[in-house]
Amino acid sequence: VRSTRPDVAFAHNVTSRFQQNPGDIHWTTVKNILKYLRNTKDMFLVYRCDLKRELRSAKQSIFATSSTEAEYIVAFDASKEAVWVRKFISRLDVVPTIEETISMYCDNTGATAIANVSGITKGATHFRAKVHYLREVIEFGDIKLEKVQTYDNLADPFTKALAFPKDSEHTRNIGMLPCSSLM
């Protein structure tokens, strides 16, 4: 399910799971989403040239036995993609080679510790190849995996319901602004 409004992405995703057999609570939720959209129809996403982050959220297609493992596997997948994009752009010879380290953010302390501190592999033996790959790209300077505090994680509106003030703050910080703010 795709949503062009990041501020309702989570609600849209959850309610879409009940399309086949919606109950009264689902219809009420959909009506609330539509009311919210009606009241925020002047909002739009602003792409600033200084925004050097990509926000992405996806339902995981893998089974993980812990949140640390799940977050680590996501960081591994994202690092593979980031390194591939960097190599692809470099081989095009259209723009100068991208030499800067790519910053990636993770709100899971265990996952960032496994990635950044060699020797920590407790509980990570069954996904050891992923551990070694991510550590290697970090050591080579291709990727920098940084801890982001859960409270400051801009991806949260994509993955969970937030209180209105925090949701509003994150929505504004990812570049979703009312039309009136640009006039």
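Coordinate-derived values only; no laboratory data. These figures come from a predicted structure and were not determined experimentally. FYI the Cβ positions are ideal-geometry reconstructions off the backbone, even for glycines, and counts take in every protein chain you see.
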Cα pair distances exceeding 18 angstrom across the range 67-152, given as percent: 42 percent
Quickly rank 27-35, 68-76 as a protection proxy: mean count of other C-beta atoms within 10 Å, highest first. 68-76, 27-35
So how do 80-89, 130-139 stack up, highest first, on mean other-Cβ count within 10 Å? 130-139, 80-89
Do any of K41/K160; K41/K144; K80/K160; K41/K166; K35/K144 go past 29 Å between their Cα atoms, and which? K41/K144; K35/K144
Set of aspartates and glutamates near K147 by C-alpha distance (under 14 Å), chain-local residues within fewer than 8 positions excluded: E71, D107
